1. Need the full-extension length gain, ASP89 to GLN127, defined as separation in residues times 0.36 nm minus the C-alpha distance. One decimal, nm.
2. Quick one: Karplus J couplings for the range 123-140, per residue in order, coefficients 6.51, -1.76, 1.60, θ = phi - 60°, nearest Hz, x for Gly and Pro?
3. Going by C-beta contacts inside 10 Å, put VAL244, VAL152, VAL138 in order with the fewest on the left.
4. For the pair ILE99/THR256, report the inter-label distance in nm, with labels modelled 7 Å from Cα in the Cβ direction.
5. Determine ³J(HN,Hα), in whole Hz, for all residues of the range 211-221 in sequence, where each value follows from phi through the Karplus function 6.51 cos²θ - 1.76 cosθ + 1.60 and θ = phi - 60°; x replaces Gly and Pro.
6. Quick one: Karplus J couplings for the range 23-32, per residue in order, coefficients 6.51, -1.76, 1.60, θ = phi - 60°, nearest Hz, x for Gly and Pro?
7. Fewest to most neighbouring Cβ within 10 Å: what's the order for VAL186, VAL335?
8. In terms of modelled amide H atoms, which long-range or inter-chain residues lie less than 5 Å from the amide H of TYR326?
Amino acid sequence: MIELNDFDKEEAYQLLRQLVAIRSYPGEEAAAQQACAAWLAQYNIASTMQPTRNGQPNVIARIENGPGPTLMLNGHMDTVLRAEGWLHDPWQGWREGDIFYGLGAADMKCGVAANMLVARTLAHNKQAWRGTLIFTSVTDEEAYSHGARALVDGTPNGITADACLVSEPLSNGGAIGAAGKMLVQVDVTGKAAHGFLPWQGINAGIEAARFAAGVCNAVPELKHPQVPSSQTVLSIHAGSEQYVITLPEKARVLLTRQIVPGETREAVLGKMQAFANSLQSPAQFAFSNPDPYYAPWAFDEPNHALTQAFQAAYQAEYGNAPNLHYMLGISDANVFRGEAGIPSIVHGPHGDNFHQCQEWVDLASIPAFCRVALGVALRFLQ
Ligand SMILES: [Zn+2]
């Protein structure tokens, strides 16, 4: 019998350790996902493996409990690549008191393990709620979010949900929005000529540099009261690698820009095109927007049932109201809310050193987060 609110730190630790031990860089999540599905099956929770564009499967477990709302608990199984400087094997990990070190321990196998425990509790206490709980463990969040996109794209086995809790290791309050990001590629075409006779050609390198030097001032970031954003030129390439006295005919500028809620990539590209036109350059400028692209997201709705369920569950666990804020980084909530429109909040266990060596999670924060997630589910699924 699995009691409501009976979350055990040592069980969470064992489960987390098992997931951390299976290397799961983007593009090689399958083994860890199979371990997740096998654990669920042990508790009679059926799941499906959904193919995604990076060749690795999402795990989706739908726990249906009659008519009612649908809540998704989401996490990603992939980790970033191993950084230099780990003191011990990052997949074996090690424990000091309640601190567990390991690659993906915080970002975010702790959140996936917690969601597994919460899903098990809900599956075995159907008298306490109604509707549908969807547990999802996705691939590729640290790269292109192919996992999250497969979930909401609808083919095959795509899902819809009334609300989503993403258990990234953001323990202090809840995130209700973030900037998105886009890459802008500018291909500049001039005209080749002998390098001693530059007036006979059009130097694509110089024209690209004129654009690169002015674009950030000419097309400033859209200001949002809560969401900081920035942009910068990442690279400028012109001419050939090999030494030749030829005017560069082609050049390419790559620029990254964070986009805030209310801004679209079409608008950004349009303004940059207008700036290029204003240069009255003899060269041609062609704009494109290669992957990865993430829409900005915002879920600033105090009266929504998800917000209220989260506030009440958070208050009950931590004794104070959550600070609902806009987060700095990109997450799959950019896909769920920014692209698919699903009301989403990001909140999870407590850890740090993401994307560096000695990444850690506070094991005691895992059962605490489980109680919050369960509290959200029991309030929202009514
Ligand atoms: Zn993450």
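Just so it is clear, none of the values below were taken in a lab; they were calculated from the coordinates. All of these numbers come straight from a predicted model, not from anything done at the bench. Cβ coordinates were reconstructed from backbone atoms using ideal geometry, including for glycine residues, and neighbour counts include every protein chain displayed.
1. Values: separation 38, 0.36 × 38 = 13.68 nm, distance 4.36 nm.
Between ASP89 and GLN127, full extension yields 9.3 nm more.
2. Working through the residues one at a time gives 5, 9, 9, 5, 5, 9, 7, 8, x, 9, 10, 10, 8, 9, 10, 10, 9, 6 Hz.
3. Details: VAL244 8, VAL152 19, VAL138 29.
Lowest to highest Cβ neighbour count: VAL244, VAL152, VAL138.
4. Distance between label points: 2.8 nm.
5. Each residue's phi maps through the Karplus curve to give 5, 4, 5, x, 5, 5, 6, 6, 10, x, 4 Hz.
6. So the J values, rounded to whole Hz, are 4, 9, 4, x, x, 9, 7, 4, 5, 5.
7. Working: VAL186 23, VAL335 29.
The most exposed by this proxy come first: VAL186, VAL335.
8. Hits under the 5 Å cutoff: ILE176.
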